[in-house]
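The values are calculated or read from the model by the stated rules, or taken from the named source; none is laboratory data. Nothing here was measured: the structure is a model prediction, and the numbers come from that model. Please note: Cβ atoms are built from the backbone with ideal geometry, for glycine as well, and neighbour counts cover all protein chains shown. In case anyone asks, the SASA skips ligands and DNA or RNA and just uses the protein heavy atoms, side chains included. Shrake-Rupley method; radii C 1.70, N 1.55, O 1.52, S 1.80 Å.
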Amino acid sequence: MRAIHLYIQGILCLLLAGCSKEITLRNSDPVSKLVLNCILIADEPIVANVSHTANVTFNESMYVNNAIVELWTGNTFIEEMKYTKDGEYTTQVRAKEGMSYTLKARVQGYEQVEGTDSVPKSARIIDSKYEKGDHPYISAGELEYYADYSIVFNDDPKYVNFYEVLFAFQMKDTDSTYFISLPSVCRIPDPVIDDEGLINFFPETYIFSDQRNNGSGFNIEMSFSASSSSSFTKPLINGNDGSYTILRTISKNYYVFLKSWYIHRYNLQLSSSITEMIYEGLTGNPFPLYTNVKNGYGIVAAYSQTFLKTELIDHTK
Amino acid sequence: MMMKLLLLMFSLMVLHSSAQHTISGFVYDSATSERVIGANLYVTELKTGTSTNNYGFYAFNVAKSDSITIMVSFVGYKTEVVRIYIDKNIRREISLSQGIQLKEVTITSVSTSLSKPIISILELPMKQIAYLPKLAGETDIMRVFQLMPGVQMGKEGTSGIYVRGGSPDQNLILLDDIPMYYVNHIGGFISVFNPNAINSATLYKGGFPARYGGRLSSILDIRMKEGNMKEIKGNFSIGILSSKLTLEFPIKKDKTSAIISLRRSIFDLVTRGYFLLLDPESKQSAGYTIYDLNAKINHKISDKDHLYFSFYSGHDRLFSNQRDFDSYDNKFKFNSKRYTQWGNTVFAIRWNHIYNNRLFGNITIGYTRFYYNIIANANKYVTETHEKVGVVNTGFNSTVSDGITKADFDYYPSNKHHVKFGGTLIYHKYNPSSNFSKLIDNNVTLNDTTFNSPTIKAVEMSLYAEDEFTVSDALSMNTGIRFTGFVVDGKKYYSPEPRFTANYAISSNSSLKASYAYMTQPIHLLSNSGVGLPADLWVPATVNIKPESSHQIVLGFLHRLPEKLGLDLTVEAFYKHMADLIDFKEGLSFFSGKGDWQNKVESGGKGEVFGVEVLIEKKEGKITGWLAYSLSRNTRQFANINSGIRYPYVYDHTHDISLVVNQYVNDHITLSAIWVYSTGNAITMPTNKNLVSAMTFYDVGNYIIGSYYSESHIYPGKNNYRMPAYHRLDLSCSFTRHNGKRTKVWSIDIYNAYCRLNPFYLYFDKNKAGDIKLYSFSLFPIIPSFSYSYSF
């Protein structure tokens, strides 16, 4: 891939006097719709976020702060969720495994939107490892080693299951932020993960179905060369600082959404620089993002998760 | 039944022909003894005409003991009048002298077209295009074709051609009868065709004769020069992009000649010098090299036999090298090389034989190969001992190669018939992608792997027969059929391809034309982008992916306006329907997604293109040129792309206009101007955005921010948005000095003279006030250039 970059740099040498100018965006769709987002996490209070769609050039907050957001389970109304801030609506009701929830949001001037999903049952991690020293490579003339992660768990044969695996390092950064690092450049993917076809889209989490190994044990092994890191306002898990392997049993809606999200994100083609634009010319065409929200956009999806703390075993020392 | 009819027709033609004498031979350039392709011959007494074939051969049949007058003409040559008394079969060679070429610029031959069943053909006068405005000092035949009606350019500055709504892979580009796959240098900035080595270039965009096949949208038939049979001639030129040297000379006078032409870029010399200038002890270098080598040997074995050997090799290489850089502990040193390269190799051996006065044949054996490589190589040495202890070798490779055998025959049974028949056998070998990785450290092999997409071997064969015949004084036709077969992995695709073109002369100045052609294409191009990168991959039809096919209907009107105006008018309307097209699945590219390329593509796509093209040419006088206008619509439809809804092709240009004007001031100065206008490209543009619950890491300048909410885009449809229209003006002034046999030409060119900022791509960004706005990036605001050419 570096050689492709090099090629692109060469192309740039030819672009003797390229320049940019502002132009008018024509024919942009002015119709705005409600956007409802809610990830239902087992044993966690339900939090929804309501916003609206906007023109690509819109540069203000898209959050909707005056929505009426209702929480339902089947045909039973549970309660109206309370607005907190930045389009967020909360309830003290905690999502339960096996339960189906519907969220409805309405605001004057918009069509009512709603989305439904069920919380899947969690799976138990049997074992997980974080090692270094088995898979060497050379970077900038130096011998380096990929970081190797593995996770072992059993699949419940009674259900069609979808999973998401995260190999995370989490550390409390300040009083209100958490430093989170996730390996994002996978060099040696597990065949189960590779089958999903997402590795080249540089996901930070790894989703897969049990289609290939229904009811049997999973032993996922992957090697990474680089990570994505940043500070977040919420932790991934409630735990101390350190490395964790997180296993989420995810709903089909979450699986389809996340799959489309990684492809959508990779093909956004947002860059302003000629280098990145030409590089992005090697990506695919824009990809529509999955939504299960009726009359609007966003996602209502669910997962339950378990995690295991891991320690680095460094074979190079 | 069909075969019996053909045999009956053939027998009747033979019987008829036995009552006549034949005059045949070659038309030569008197100065070089090169054969003249496409020269027009008109027999005054018989009121019939013909033209020389691709090897300069012609034949007429006349009644016994007849005297005839033949007028022989060709663009750039003085018309020759030859009077011959016929009392037996006669072989007559005709020489043409070069004439007033600077005053003529013509892209079709109306006098021939008025009476012949040909349509949608564009011929480039190679000698004249040197006077058209250049981009960075380079004359490029592909970019001149972009000025023709029905031929569009893709991205600015690129030399790819989109013919009647087709994609670049749908152009069969033949160099001396051998197909070439990727014909661009520097991402399409210039084509691989060095004009100094090219004799003729003919583009068929419709009305395809049966002798051509294998692509849907066009046939570009390029013939290399043969080499001067009489004396040494040469040309040297230098411009901003490259330098060229051409030598043509007799090896044995009037018997054997050769031409060698070399073009080389000068970027790498500049960049190497730049690195040395920065640091005389520099351990690194980088650059970009292109070269084209054309060579041809032309040997006259006898009056009846002629042998040609043609060779082309072209290459792009982007490289960066580092040497003797130290490891962090200074115990080791590393040398590394990285390069991306691609290129073509083509050779052909052709043997012409005149079997008798009415039968001319040519056998071709050839080979073509296109490759694309990305290689990274590093070697590790012990600093003290210089012992090599480590190797890293990784790369990507893609190749396509063909071995080709073909036979083509011209048969002249009577003046009413000109029959062409023949066949082709091609052995294809495709290796769409191969990734390899080798790692040795401290003399231990840690990794040695190769991942290949399966190599695909296929055989393509075709047989054709066509007859250009005169039905009456007004009506003539070319009917033909081509049988094609493509065998891949045990799967066989067969297809009869009927072809038909008719010409009806309304008057001596006007004619109506009509044609139908069915074409198939057993290969596809997987295109990652519209940028024209060589990373686009050639793949064949497979068991699961059918060959592409098209039906094209063309109606034409040709009119020569009154002589005092000196204008010719051509109007053509066309409809083209394409089937079994392929494209990447939404969101996927060759570099993303999983598995073999066949898992990443949508097949069974349809394309529909229709339009009207107008061409007005002024061919003679001090001011020459043409105006070309195309009005067209171009769409695609795939079951699983854009929800199955038909959408505009990226280069769906409603309007395309080209105006070319040449002012012949005097023998020393020629002025030229080009103005082009085109509807903007169709692109997929998000109209709205929204927030979604998705954890992501945003790269903002030099730092990363993390969020559990991410911005996503809403696309109302594929290619829903039009980029701003494209237009520009190019100017050129050429100064010519003749000194005996030596000619010097200085050329000053201005590309995009009024500095139109044509969009290369669009993007969103924040302005100084922090507002998000749409921006257009433009490549070439204005580019003045200079070139110099010396001929002897």
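Okay, here's what the table says:
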quantity	calculated
Ranked by how many other beta carbons lie within 10 Å on average, peptides B:66-72, B:654-660 from highest	B:654-660, B:66-72
Neighbouring partner chain Cβ atoms per residue of A:285-296, average, 10 Å criterion	5
Relative contact order of segment B:269-359, defined on C-alpha pairs under 8 angstrom at six or more residues apart (%)	28 percent
Residue pairs, from the table A:Lys82/A:Lys309; A:Lys234/A:Lys259; B:Lys155/B:Lys718, whose Cα atoms sit over 27 Å apart	A:Lys82/A:Lys309
Residue pairs, from the table B:Lys406/B:Lys492; B:Lys380/B:Lys438; B:Lys205/B:Lys233, whose Cα atoms sit over 25 Å apart	B:Lys205/B:Lys233
Segment B:547-579 and segment B:261-285: distance between their alpha carbon centers, rounded to Å	49 Å
Cβ neighbours within 10 Å from other chains - mean over B:754-762	3
Share, in percent, of DSSP beta bridges within chain B that are antiparallel, nearest 5	95 percent
Square roots of five times the Cα gyration tensor eigenvalues for segment A:125-262, Å	24, 20, 15
Length-normalised contact order for chain A - Cα pairs under 8 Å, 6+ apart - percent	22 percent
Low-density loop cleavage sites - GluC sites (Glu not before Pro) in segment B:222-301, where at most 11 other Cβ are within 10 Å (DSSP)	B:Glu281
Magnitude of the charge dipole, segment B:450-543, Cβ model with Lys/Arg +1 and Asp/Glu -1, debye to 20	260 debye
Distance between segment B:371-386 and segment B:110-149 - C-alpha centres, whole angstrom	47 Å
Solvent-accessible area of A:His315 with every protein chain in place, 1.4 Å probe, in Å² to the nearest 10	90 Å²
Helix B:267-278 vs. chain B, principal-axis angle (Cα, 0 to 90°, nearest 10)	30 degrees
Estimated dipole of chain B in Debye, rounded to 20 [Cβ of Lys and Arg +1, of Asp and Glu -1, Cα centre]	800 debye
Residue of A:Ala54, A:Ala67, A:Ala95 that the Gaussian network model of chain A assigns the largest fluctuation, springs spanning Cα pairs under 10 Å	A:Ala54
Sparse-neighbour loop sites [trypsin sites (Lys or Arg not before Pro); segment B:264-361; at most 16 other C-beta within 10 Å; DSSP]	B:Lys283, B:Lys304, B:Lys331
FRET efficiency, B:Asn666 to B:Arg756 (Cβ-Cβ, R0 45 Å, nearest 0.05)	0.90
Residue among B:Ser115, B:Pro133, B:Ser320 farthest towards the positive dipole end of chain B, charges placed on Cβ	B:Ser115
Proximal aspartates and glutamates relative to B:Lys244, as straight alpha-carbon distance under 12 Å, when same-chain residues fewer than 8 apart are discounted	B:Glu138, B:Asp292
GNM flexibility winner over chain A from A:Lys259, A:Lys158, A:Lys82 (Cα, springs under 10 Å)	A:Lys158
Separation of the B:Val391 and B:Ile645 label points, Cα + 7 Å toward Cβ, nm	5.6 nm
Lysine pairs meeting the criterion (Cα under 15 Å, 8 or more apart or interchain), as found in segment B:564-652	7
Proximal aspartates and glutamates relative to B:Lys283, as straight alpha-carbon distance under 15 Å, when same-chain residues fewer than 8 apart are discounted	B:Asp324, B:Asp326
Residue-normalised accessible area of segment A:125-262, given per residue in Å² at a 1.4 Å probe	40 Å²
Ordering of A:108-116, B:775-783, B:379-387 by burial proxy (mean other Cβ atoms within 10 Å per residue, highest first)	B:775-783, A:108-116, B:379-387
Cα-derived Rg to Rh of chain B, Kirkwood definition	0.99
Area accessible to solvent at B:Leu446, 1.4 Å probe radius, in Å²	70 Å²
Cα-based radius of gyration of segment B:439-583 once divided by 2.2 N^0.38 Å, which approximates compact folds	1.65
Residue-count net charge about B:His306 - beta-carbon cut-off 11 Å; Lys, Arg +1, Asp, Glu -1	+2
Helix axis angle, B:2-17 relative to chain B longest principal axis, alpha carbon, degrees	40 degrees
Cross-link reach list, lysines versus B:Lys116, counting only Cα pairs under 16 Å and skipping chain neighbours closer than eight places	B:Lys47, B:Lys416, B:Lys420, B:Lys513
Distance from segment A:229-258 to segment A:31-62 (C-alpha centre basis), Å	19 Å
Per-residue average of Cβ from other chains inside 10 Å of B:774-781	6
Helix-only [θ]222 nm of chain A, DSSP H runs n ≥ 4, -39500 (n - 2.57) each, per residue, nearest 500	-3500 deg cm²/dmol
Solvent-accessible ranking of B:Leu691, B:Leu216, largest area first, probe 1.4 Å	B:Leu691, B:Leu216
Only Lys, Arg (+1) and Asp, Glu (-1) charged, at Cβ; the protein assembly as shown dipole about Cα centre in debye	3580 debye
Listed residue (B:His417, B:Leu762, B:Leu567) projecting farthest to the positive dipole end of chain B, Cβ model	B:His417
Listed residues A:Asn161, A:Ile246, A:Tyr137: farthest to the positive end of the dipole of segment A:125-262 (Cβ charges)	A:Asn161
